Amino acid sequence: MFPSSLRFLLQASLILLICSSSRVFGFAPSQKSPLRTSLFAKSDPLTLFSPCKINLFLRIIRKRPDNYHDLASLFQAVGFGDTLTLSTTDDKDEFTCNMPGVPTDSTNLVIRALELMRQKTGKQVYFKADLQKSVPAQAGLGGGSANAATAMWGANELMGEPASLEEMIEWSAELGSDITFFLSKGTAYCTGRGEIMTPIDPPLPAGAKLSIVKPDLGLSTPMVFKALDYDQLSKEDPQMLLDTFLKNGVVETDDKYYINDLEQPAFDCLPELKALKEELLKVKGFDHVMMSGSGTSIFCIGEPDDKEGFMKEFDSRDGVSVFNAEFITRNDGCWFEKP
């Protein structure tokens, strides 16, 4: 008989061999295995990139009895975002953020995501979370939703991966509409309130350039929906729009298929936003220009012919910020990385 300490080392070595073999032969150990949970927990602190998104098209389908709206949209992750650092702590979550005005109590989506992971996995692990934000609020870029999804992923890593990706996708809908998307590989067709995700695999190619132009003026999503004129909604079939984008790509897809049903109400609320888009449409080099989500960011696909002149004209303007970025994707088992 082997001494108990040696038996443990042999058992641990066997588990590691099985998990390594799974990558080669295509099978995987149970996500719920307690040995897997203890052996595969990532060391902390863990620093993760929290990307934002744009909507390549956004169709509002109908208002629902619960006063939410059914939508259909093609989401794409982009390499402009925040940084979330997580480490384990003793008996309560701690949250800090560099951006004034961001709540640091239990109303913040990061704290809610950490609590959700404890509740669903049964793992009583607490975290210290520091969020370095760059993505502005009320931008239509899903910054807060991305923070929540990043927190879920990071917590699962530090817990030892007790949850599968499929479980986290299911649970994320309890926190908000857009969070589910950020658990995709970077491109997804989202319906329902946005929480029903159909991953696009393979996603749209990474590296496509874009500029995001954000005026300091903000709009709340409820305000935009309140101004929505249902008679002005597009009649284009969302499935046709999706097929067109996937067949032609973002550059070759005709401008007429870049549809955002929330532009009309946002522009009605803020005529300055419409004027900004009209200015951006005149910049040579951009292939497509459209507002993202419920605004107020406007994304421009491509690169300006005169980048220095463009930045001088728009980024140096009072009340306007420009963020140059590109499409990003992630690999299986890995989180998004900043380009």
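The values are calculated or read from the model by the stated rules, or taken from the named source; none is laboratory data. Please read these numbers as outputs of a predicted model, since none were measured by experiment. So basically every Cβ, Gly included, is an ideal-geometry build from the backbone, and we count neighbours across all protein chains shown. What goes into the accessible areas is simple: the full protein's heavy atoms, side chains included, and nothing from ligands, DNA or RNA. Shrake-Rupley method; radii C 1.70, N 1.55, O 1.52, S 1.80 Å.
With a cut-off of 8 Å between alpha carbons and a minimum separation of six or more residues, what is the relative contact order of the chain in percent? About 21 percent, as a whole number. Straight-line reach from LYS123: taking Cα to Cα under 14 Å and skipping same-chain neighbours fewer than 8 places apart, the aspartates and glutamates in range are ASP90, ASP91, ASP93, GLU115, GLU157, GLU161. Helix 143-159 and the long axis of the chain differ in direction by around 10°, with both axes built from C-alpha atoms. Residues in segment 231-239 carry Karplus couplings, in order, of 6, 9, 5, 4, 9, 5, 6, x, 5 Hz; the curve used is 6.51 cos²θ - 1.76 cosθ + 1.60 with θ = phi - 60°, and Gly or Pro positions show x. The charge dipole of segment 90-199, taken about the Cα centre with unit charges on the Cβ atoms of Lys, Arg (+1) and Asp, Glu (-1), comes to about 220 debye, rounded to the nearest 20. In terms of the mean number of neighbouring beta-carbon atoms within 10 Å, the peptides 282-289, 128-135, 143-150 order highest first as 143-150, 128-135, 282-289.
Compared with the dominant principal axis of the Cα atoms in the chain, helix 4-25 is inclined by about 40°.
Across segment 105-112, coupling constants 3J(HN,Hα) worked out from phi with the 6.51/-1.76/1.60 Karplus curve, θ = phi - 60°, read 9, 5, 7, 6, 5, 5, 4, 5 Hz, and Gly and Pro carry x.
All alpha carbon pair distances within segment 190-339 were sorted into 5 Å bins beginning at 0; the resulting P(r) in whole percents reads 2, 8, 15, 20, 20, 18, 12, 5, 1. For PHE127, the amide hydrogen comes within under 5 Å of the amide hydrogens of THR89, ASP93, GLU94, counting only partners 5 or more places away or on other chains and with H modelled in the peptide plane. Sequence-distant contacts, meaning Cα pairs under 8 Å at least 6 residues apart, place the relative contact order of segment 54-115 at 21 percent.
Take the cross-link list LYS185/LYS312; LYS42/LYS209; LYS133/LYS307 and give me the ones stretching past 31 Å between alpha-carbons. The answer is LYS185/LYS312; LYS42/LYS209.
Give, in whole angstrom and from largest to smallest, the semi-axes √(5λ) of the equivalent ellipsoid of the chain, with λ running over the eigenvalues of the Cα gyration tensor.
Working: eigenvalues 309, 89, 78 Å².
After scaling each eigenvalue by five and taking roots: 39, 21, 20 Å.
Taking the Cα centre of segment 197-283 as origin and assigning +1 to Lys and Arg Cβ atoms and -1 to Asp and Glu Cβ atoms, the resulting dipole is close to 240 debye. The heavy atoms of LYS120 offer some 70 square angstrom of accessible surface to a 1.4 angstrom probe.
Per residue, the solvent-accessible area of the chain (1.4 Å probe, heavy atoms of protein chains only, all protein chains present) comes to 48 Å². From largest to smallest, the equivalent ellipsoid semi-axes obtained for segment 125-257 from the alpha-carbon gyration tensor read 28, 20, 16 Å. Across segment 265-280, computed HN-Hα scalar couplings (Karplus, 6.51 cos²θ - 1.76 cosθ + 1.60, θ = phi - 60°) run x, 5, 5, 5, 6, 10, x, 4, 5, 5, 4, 5, 4, 4, 5, 5 Hz from first to last residue, x flagging Gly and Pro.
Sequence-distant contacts, meaning Cα pairs under 8 Å at least 6 residues apart, place the relative contact order of segment 205-294 at 36 percent. Take 197-208, 212-223 and order them by the average number of nearby Cβ atoms within 10 Å per residue, most first; the result is 212-223, 197-208. Under the rule of at least 5 residues apart or a separate chain, name every residue whose amide H is placed under 5 Å from the amide H of ILE259. Here LEU58 satisfy the definition. Overall size of segment 267-339 from C-alpha positions, given as principal axis extents largest first: 44, 30, 23 Å.
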